[in-house]
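Notes for the one structure printed next.
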Amino acid sequence: MSVLRQRWLTGFLATAMLTAAAAQAPAQELKIGVVNVQALMENAPQTKAAMDALQEEFAPRQREVAAKQKEFEDMTAKVQKDLPVMGETERSNAEKDMRSLRREVTRLENEFREDLNLRQNEELAKLQRSVLKEVQDFAQSEGYDLIVGDGVLFASTAVNITEEVLRAVEANYQATGAR
């Protein structure tokens, strides 16, 4: 499902729910809140912790890639310097070694980037599930009838509860021992 269609559907469902709830109980006041999920994800302490953990996890491989890049640069500089005094066979072997090392550097860079992206996506999905659960728990504990997230074009400060939810997320994170 495309993002645009998903957002439209979310907005439509939220509007339908509001209309149904308003028609059902006209005398009952609804408690509605809006959460900026992107801001919540960016500012949640879990996000920083996850990114720090990923940085630590991938640091050795990043150093390995950097070392191979340096090795290639050093080899290139040496070959360029020695090129005028090299024989044809020596020059051919040096170029072959440089191509081989360049391929290895490229392969290491690609594998590193792919693995890092995969792990970042895994962590992002886990964070999104966690934040969604936090929003749901907050809404239930505070008695909200409806919380709207993505697809909101405008929300007044009266219904924007992003900061309140962020404080609850931070408190829950601290309470769980900042895993």
_Selected residue (criterion: modelled with the highest pLDDT) from residues of region 26-55 that are exposed (fewer than 11 other Cβ atoms within 10 Å of the Cβ) and out of contact with any helix residue (DSSP H, G or I) (no Cβ under 9 Å at 6 or more places or on another chain)_ = ASP52
*Got a sec? Which of ALA94, ALA23 is of a type in the set (A, V, I, L, M), exposed (fewer than 12 other Cβ atoms within 10 Å of the Cβ), at pLDDT below 95 and over 24 Å from the mean Cα position of the chain (by Cα)?*
ALA23
*asked:* Suppose we keep only residues that are of a type in the set (Ser, Thr, Tyr) and modelled with pLDDT of 90 or more within region 112-171. Which one would you say is surrounded by the most Cβ atoms within 10 Å (Cβ to Cβ)?
replied: SER130
*Can you tell me which residues in region 83-105 are part of a helix (DSSP H, G or I), touching a helix residue (DSSP H, G or I) at 6+ places or on another chain (Cβ under 8 Å) and of a type outside the set (Val, Ile, Thr)?*
LEU83, ARG91, ALA94, GLU95, ASP97, MET98, LEU101, ARG102, GLU104
*Limited to region 124-160, what total is found for residues that are touching a strand residue (DSSP E or B) at 6+ places or on another chain (Cβ under 8 Å) and hydroxyl-bearing (Ser, Thr, Tyr)?*
1
_region 85-99: number of residues that are within 12 Å of PHE72 (Cα to Cα) and free of Cβ contacts under 8 Å to residues at least 24 places away in the same chain_ = 4
_Quick check on region 58-81. Is at least one of its residues closer than 30 Å to ASN172 by Cα and either assigned to a helix (DSSP H, G or I) or not hydroxyl-bearing (Ser, Thr, Tyr) (or both)?_
yes
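The values are calculated or read from the model by the stated rules, or taken from the named source; none is laboratory data. Because the structure is predicted, anything quoted here is derived from the model rather than measured. For neighbour counting, all protein chains shown are included, and Cβ atoms are generated from backbone atoms with ideal geometry for every residue, glycine included.
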